[in-house]
Amino acid sequence: MFQDYNTVSLSGNQTMGNFKERWNITSNWQVFVIILVFAITGSTAAMLSKPILHWLGISKETHHIALYLLLYILIIFPVYQILLVTIGFVFGQFTFFWKFEKKLLRSVQLGFIANWLDKNRKRNS
């Protein structure tokens, strides 16, 4: 009647246990908090990017829609990255999101930023 939540299938052969192991997550509560942080960060980044574009004088009325959307996406990316680590910290998941952030930056060929951040973080510690 009740399912073991460590074996709930996410997709195909992957189970919650595999997901937790892959991301080095220790509990279902931590999974919930991480998903919550991703949700809050995405919504907040989208909300903050529009005023930033407005402040820069960029709007749908002044620029072609394709250019506006491109600039919107380019603004969202750094805003999202900063918010993800910040909100992750607030929810007690800084270590998870710091590792996630560095992995993401390296995957989009921006690993030099992750290396610089690591170097400065170690210097300040």
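The values are calculated or read from the model by the stated rules, or taken from the named source; none is laboratory data. What you see is a predicted model, and the numbers here were worked out from it, not measured in a lab. Side chains are part of the model used for accessible areas, which takes the heavy atoms of the whole protein and leaves out ligands, DNA and RNA. Shrake-Rupley method; radii C 1.70, N 1.55, O 1.52, S 1.80 Å.
A compact table of results
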quantity	calculated
Accessible surface, per residue, of the range 53-125 when the full set of protein chains is kept, probe 1.4 Å, Å²	71 Å²
Debye log10 I(q)/I(0) at q = 0.19 Å⁻¹ for the chain, Cα point scatterers	-1.11
Ellipticity estimate at 222 nm from DSSP helix runs (n ≥ 4, -39,500 (n - 2.57)) divided over the chain, nearest 500	-24000 deg cm²/dmol
Backbone HN-Hα couplings from phi across the range 43-54 [Karplus 6.51/-1.76/1.60, Hz, Gly and Pro as x]	5, 5, 4, 5, 5, 6, 5, 5, x, 5, 4, 4
Top of L36, L83, L70 by mean-square fluctuation, Gaussian network on the chain, Cα under 10 Å	L70
Listed residues K99, K50, K60, most fluctuating in the chain (Gaussian network, C-alpha, under 10 Å)	K60
Value of relative contact order over the chain, rounded to a whole percent, pairs C-alpha under 8 Å and six or more apart	17 percent
Percent accessible area from carbon and sulfur atoms, the range 25-75, protein chains only, probe 1.4 Å	76 percent
Reachable lysines from K50, criterion Cα separation under 30 angstrom, eight or more residues apart if same chain	K60, K99, K102, K103
